[in-house]
Amino acid sequence: MGTIQGKVVLVTGAAGGIGAAAALLFATEGAQHVALADRDGERLGTAAETVREAGGSASTHVFDVTDEPAVAKWIDDVVAAQGRIDCAFNNAGINLPSTPFHEMEREVFEEVIAVNLTSVFLCLKHELRQLVTQGGGGAIVNTSSGAGLVPAPGQPHYTAAKHGILGLTRQVAREYLRHGIRCNAILPGITDTPMLRGGGDELTDRARDGLRRFSPIGELLEPADVAATAVWLCSDAARRINGQSIVVDGGGILH
Ligand SMILES: NC(=O)c1ccc[n+]([C@@H]2O[C@H](COP(=O)([O-])OP(=O)(O)OC[C@H]3O[C@@H](n4cnc5c(N)ncnc54)[C@H](O)[C@@H]3O)[C@@H](O)[C@H]2O)c1
């Protein structure tokens, strides 16, 4: 019997990288259903197919996580089909090129805050509404970053968003404990995903810099390494873990 046996699971940013790896692992750990969300419909379809090939049940939901009515509809659609939700992995995010703080345009700052922080607020809001409506219980994991603890050079927007996710996580953990709902954050290190390769095969300069600074043994994490912690936090094995921020980087942040 898997650690997620019989649960209905939501995953954002599920078209690739950490989200796709988590969707697959939720399924192989026995989820009743995994609802994969992303704005990239083509890659999302491939990720869902991988889940089905592994014997899981998957649906695809193509929308922008900054669009509140679309977020609400996603959850309504999943509840209409599956009857409830049990776990959510709020993981979608973007990473833009680095810019000196004093040269950063407001619009660029606000774009990253919208996608990486406001979207997590929106997902949490509608997930909590549903979890409370159905009588409580449930587990939520949000993807922050090492940049949630240590500033990422040239990335004030990303750093602010990822710090903010830790605040939202603790807020939910504190306020919804009485409903039996847990909320934790994971802080991945440098992980080999499309985000690090800027759409191509080569690592971006920022990824190389991050690898130099935070991976003293020069090794990228695999998406499955990070996904394993998200899935574990959603499982009953982590039922006493709430409001925590768990760094998944092999210890790189200590250097
Ligand atoms: N890769 C790393 O080294 C690393 C390190 C720390 C934190 N993270 C975080 O992990 C999470 C997953 O990133 P990843 O590395 O797997 O990268 P990724 O680019 O493979 O995955 C991110 C996914 O989010 C989706 N997305 C982006 N904006 C969206 C929007 N507005 N609406 C809907 N979907 C949207 C993308 O289409 C993509 O599929 C992100 O929050 C990222 O900040 C990644």
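Where a number appears in this text, it was derived from the coordinates with a stated rule and is not lab data. Just so you know, these numbers come straight off a predicted model, no measurement behind them. Here Cβ is always computed from backbone atoms with ideal geometry, including for glycine, and neighbour counts include all displayed protein chains.
Things to note:
- Taking GluC sites (Glu not before Pro) across segment 173-227, the ones in a DSSP loop with at most 12 further Cβ atoms lying within 10 angstrom of their Cβ are 202.
- Extension gain, residue 132 back to residue 5 (0.36 nm per residue minus Cα-Cα distance, nm): 43.6 nm
- Helix 156-176 and the longest principal axis of the C-alpha atoms of the chain enclose an angle of approximately 30°.
- Assuming charge only on the beta carbon of Lys and Arg (+1) and of Asp and Glu (-1), the dipole of segment 8-254 about its Cα centre is about 980 debye to the nearest 20.
- Share of Cα-Cα pairs in segment 17-88 lying beyond 16 Å, as whole percent: 46
- Relative to the longest principal axis of the Cα atoms of the chain, helix 68-82 runs at roughly 40 degrees.
- Helix 205-214 axis, angle to the chain major axis (alpha carbon atoms, nearest 10°): 80
- Per residue, the average separation of C-alpha pairs within less than 8 Å and at least 6 apart gives the chain a relative contact order of 19 percent.
- Linear extension gain, residue 254 paired with residue 63, 0.36 nm per residue minus alpha-carbon span: 65.0 nm
- Based on Cα atoms of the chain, Rg over Rh with Rh as the Kirkwood radius reads 0.95.
- Full-extension gain in nm, residue 52 to residue 73, via 0.36 nm per residue minus C-alpha separation: 5.2 nm
- Positive dipole terminus of the chain, leading residue within 47, 126, 23 (C-beta point charges): 126
- Computed helical MRE - 222 nm, the chain, DSSP H runs ≥ 4 contributing -39500 (n - 2.57), nearest 500: -13500 deg cm²/dmol
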